[in-house]
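Take a look at the structure below.
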Amino acid sequence: MQAHSVFLQAAGMAAKTVHALTECPETPELTARQAALVTFAEKLTRSPQSVTAADTDALRGVLPDEGDVIEAANVVAGFNFANRVADALDVPCEVPTQFQRHRFTKHLVMSAMSWAIRKRMRLTNRMIGATEPDRVLRDLDDAVRRAGMGRLPSYFQRLRLRPHILEGQAAICSSLLRDTGFPRATVLRISYVISSLNRDDESAQESAYLLTGMRITLQPLDAIVAGQPTNGGLPALLHDALWFVRDVTLHAEQTTDAQVHGLRDHGLTDVQVLNLVLLAASCNARNRLNRALA
Amino acid sequence: MPRIRMIAPSRASGELAAAYREVREYMPRVGKLVQICSVRPEWVRLTGSNMIFTMEAGTLPRLDKELLAVATSRAGRCRY
């Protein structure tokens, strides 16, 4: 959160308001529009399973058009992705730990970083060219089918309004389809477990349909979703990998070095650990876009 | 301490160095979140470019996007 707070300050929010927000999201320092954005981000992150059309409608009430709604949902989904990668792999903080011990020095360092960002980075929107949406969707649909992953989630069609976001999402999706280093059945199991936890019913049902077609039973996966012992129904690596992605989904900040060491003991390389985290994080992001936009 | 190997831009070579150079064209500094993908240079590019697609393109003001990012990170109790 510290890294992003520095950027929020650099983008123009007063340090006092940023601090108040990080202490309490219901702070009266925010405008009604800002409070609505925070409420949406909190709900979609903490409990995507309870997000309904009414939540997205509330966002429509404070944003001028549907394209902005898509952009807002994409930021929340994007940081659900990035934060899970950061926590699951224990990425070091951008603010050095020696400066975090005292509130005053931390405040000074963060203000200095914000100033440097303002000086060196562009903090306004710019036009970015993107490929024509029909072509992106057609190519992605082909790639998904060729990989035997069923149908594209519905939200992809909604991204037509923001072709640059569609292109970015498609690039991530294509990379994961092309080269995860895991068997198709493992990727589908991961998708089923995470989509079930997030109650993205469309994605969970699609994965369930494909797994059942491969004669793979869902019972041990449902046990993991429910947090129950699986009674040896899965090979050890698959068992530990699925519990790891469950933890990355529910509380990535509580994942441990021991979990990753355990995956290594089963023979996973750094690249495979990264791929597993990328798969889990991107599925969490997709589920949130589907809950908010589909 | 990161849980997988993380190669800093100063120690990168070959395809990874090229990926970092691409990211530096639009970011003054390569953040650690990009560096953690260093064992897969394709993801160094994807993580960097997606940050641009998410934060710098479109019409939603940057302040709103940064606010959403902080609220999301707070809700997810992110340590980063």
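The values are calculated or read from the model by the stated rules, or taken from the named source; none is laboratory data. Everything numeric here is computed off the predicted structure, so don't read it as measured data. Positions of Cβ are backbone-derived with ideal geometry, glycine not excepted, and every protein chain shown enters the neighbour counts.
Details
- Test: B:Arg21 is of a type in the set (Lys, Arg) and either under 16 Å from A:Gly168 (Cα atoms) or at the interface with chain A (Cβ under 8 Å from one of its Cβ atoms) (or both): no
- In summary, A:Gly78 fulfils each of the numbered conditions (1) farther than 25 Å from A:Gln254 by Cα; (2) touching a residue at least 40 places away in the same chain (Cβ under 8 Å) with the single exception of condition (1).
- Scan segment A:219-246 for residues that are within 14 Å of A:Val273 (Cβ to Cβ) and either within 14 Å of chain B (Cβ to nearest Cβ) or under 23 Å from the mean Cα position of the chain (by Cα) (or both) and the total you get is 4.
- Note on segment B:7-39: residues that are among the β-branched types (Val, Ile, Thr) and under 13 Å from the mean Cα position of the chain (by Cα) total 4.
- For A:Val91, the requirement of being in contact (Cβ under 8 Å) with a residue 12 or more places away in the chain, buried (at least 17 other Cβ atoms within 10 Å of the Cβ) and touching a Leu at 6+ places or on another chain (Cβ under 7 Å) is not met.
- Selected residue (criterion: surrounded by the most Cβ atoms within 10 Å (Cβ to Cβ)) from residues of segment A:59-87 that are more than 23 Å from A:Ala11 (Cβ to Cβ) and among the acidic types (Asp, Glu): A:Asp87
- Counted residues, segment A:1-29 - those being within 8 Å of another protein chain (Cβ to nearest Cβ), outside any helix (DSSP H, G or I) and of a type in the set (A, V, I, L, M, F, W, C): 3
- Verdict on B:Ser49 being modelled with pLDDT under 95 and small (Gly, Ala, Ser): yes
- Number of the exception - B:Pro9 against (1) more than 7 Å from every other protein chain (Cβ to nearest Cβ); (2) out of contact with any Phe, Trp or Tyr (no Cβ under 6 Å at 6 or more places or on another chain); (3) of a type outside the set (Gly, Ala, Ser): (2)
- Verdict on A:Leu159 being more than 10 Å from chain B (Cβ to nearest Cβ) and modelled with pLDDT of 95 or more: yes
- Qualifying residues in segment A:46-58 (those that are of a type outside the set (Ser, Thr, Tyr) and touching a residue at least 24 places away in the same chain (Cβ under 8 Å)) - the one surrounded by the most Cβ atoms within 10 Å (Cβ to Cβ): A:Pro48
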